[in-house]
Amino acid sequence: MNSFSSGESAQRAYLQLENTLQTNPQEESISRLEDFLRQYPDFAQAHNDLAVLYYHAGNKLQTLGHYEKAVRLEPANSTFRKNLASFYFVEMGWVDDAIFIYTDILAKTPNDTEVLAALGIISVNLDRRTEARTFFTRLLELEPWNQDARAFLAELEPAEAAAYGTPPAPTQSAPADLDALLADLRDTITRLEQQNSPEDTYANAVALLNQGNQQAAICELEKLVQRDPSHALAHNDLGVLYLQQGDTEKSQHHHELAVKADPTSTTFKKNLAGLYFTERGKTDDAIFLLTEALRAEPDDVEILTGLYRIALAIGWTEEAATFLEKVTELEPWNQDARELLGQLRSANGFFLASN
């Protein structure tokens with residue numbers, strides 16, 4: 001009942017907001033949609049519309065994130081899926097991902113002219129002339145007035161296209177031919193994916209990052225985790241990169257997925273705990289992660305230092321001193337830790353045995 005009421009409330013609020021989006025400046029519309037999504041984070045239409053605005057603003061990463069969120073929330077919505085597929089193909093160059101979405105839509109709705117046109121254009125770009133002719137011919141059967149489709153056909157097969165006074169009549173075999181073509185396209189993409197392993201994609205992302213192209217590296221890593229959601233290292237790296245860009249929400253999302261994919265990694269736990277404490281105000285969650293990591297790595301100075309900082313911040317001075325003392329035992333040369341320990345003892349008037 002509450003969920004239904006919440007959905008109705010979000011719908012009403014969005015209908016009111018929609019009336020202003022067309023007239024407001026782009027920056028204000030983006031700000032209003034961001035505010036709306038903070039209150040209703042699972043409203044798919046708002047994510048899709050925000051992606052459109054970010055696209056016009058030239059922010060590809062935000063566009064990608066919100067298009068994908070809209071599809072995750074409403075995976076059956078063909079409009080959201082077509083928007084995402086178009087963005088994959090036109091802006092990201094992720095042809096295989098676009099084909100998978102388009103072919104899946106067309107298998108369910110074989111008369112979708114937008115999808116037929118998109119697959120025809122993709123086939124032209126891949127120099128798959130036979131497939132392109134099939135898509136554009138089918139499009140002309142549905143839209144005899146479509147001059148763009150007729151022009152593509154004329155380029156693909158000038159003599160045959162010129163002979164058409166009118167578009168070719170539909171035949172009984174067309175749907176079966178289309179099904180076979182879609183299956184062949186998907187098989188081809190599957191083989192290409194097998195050739196391009198997750199290790200290759202990750203190595204390419206690292207190379208891009210080393211070249212200083214952080215945005216391209218993020219795009220490669222996003223592509224990798226989409227294909228392999230359990231790739232913990234890629235999620236961790238995305239968490240780090242998004243934090244550097246100031247997007248703490250996406251950073252948290254990927255750091256959490258990294259820990260979920262590899263719960264034995266103390267590095268992933270330390271990164272997530274650091275984000276929880278410094279950026280998200282989740283102190284208890286940070287403490288839980290660090291103490292769990294400390295049980296596995298009791299001599300890890302980074303974990304001990306993290307626990308010291310949290311303990312000091314929340315007023316646990318004795319615990320903070322205990323963690324610092326352990327650091328000085330492990331690193332007797334660590335002058336900073338020794339000075340901090342001395343200051344803590346002096347300020348709080350209690351004695352801990354010196355090393």
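Between Asn125 and Asp148, the FRET efficiency from the beta-carbon distance, with R0 = 22 Å, is close to 0.90. Here the label points at Thr278 and Ala203, each 7 Å from Cα along the C-beta direction, are separated by 3.2 nm in the simple model. In order along the stretch 31-37, the Karplus-derived 3J(HN,Hα) couplings, from 6.51 cos²θ - 1.76 cosθ + 1.60 at θ = phi - 60°, round to 4, 5, 5, 4, 4, 4, 6 Hz, and Gly and Pro are given as x.
With all pairs of different C-alpha atoms in the average, the Kirkwood value for the hydrodynamic radius of the stretch 23-143 is 15.3 Å.
Annotation: the residues Lys270, Lys260, sorted from fewest to most other C-beta atoms within 10 Å of their own C-beta, follow the order Lys260, Lys270.
Considering only alpha-carbon pairs that sit under 8 angstrom and 6 or more positions apart, the relative contact order computed for the stretch 76-153 is 20 percent. Once the convex hull of all Cα atoms in the stretch 228-335 is built, its volume per residue stands at 102 Å³. Once the other residues with Cβ under 13 Å from the Cβ of Ser78 are scored (Lys, Arg +1; Asp, Glu -1), what is the net sum? Taking every Cβ under 13 Å from that of Ser78, the sum is -1.
Under the rule a/c < 1.5 gives rounded, and otherwise a/b versus b/c splits prolate from oblate, where does the stretch 197-282 land using the Cα gyration tensor? Note, shape of the stretch 197-282 comes out oblate. Per-residue extension of 0.36 nm, minus the Cα-Cα distance of Arg12 and His253, leaves a gain of 83.9 nm for this segment. If R₀ is 25 angstrom, what is the calculated FRET efficiency for the pair Thr264 and Asp228, using the beta carbon separation as r and rounding to 0.05? That gives a FRET efficiency of 0.85. Measuring between alpha carbons in the structure, the pairs from Lys60/Lys282; Lys60/Lys269; Lys250/Lys326; Lys108/Lys260; Lys223/Lys269 lying more than 25 angstrom apart are Lys60/Lys282; Lys60/Lys269; Lys250/Lys326; Lys108/Lys260. For the stretch 34-58 versus the stretch 223-291, the inter-centroid distance based on Cα atoms is 23 Å.
The numbers here are math on the coordinates, done by the rules we state, and not lab data. Fair warning: this is a prediction, and the values are worked out from it, not measured in the lab. So basically every Cβ, Gly included, is an ideal-geometry build from the backbone, and we count neighbours across all protein chains shown.
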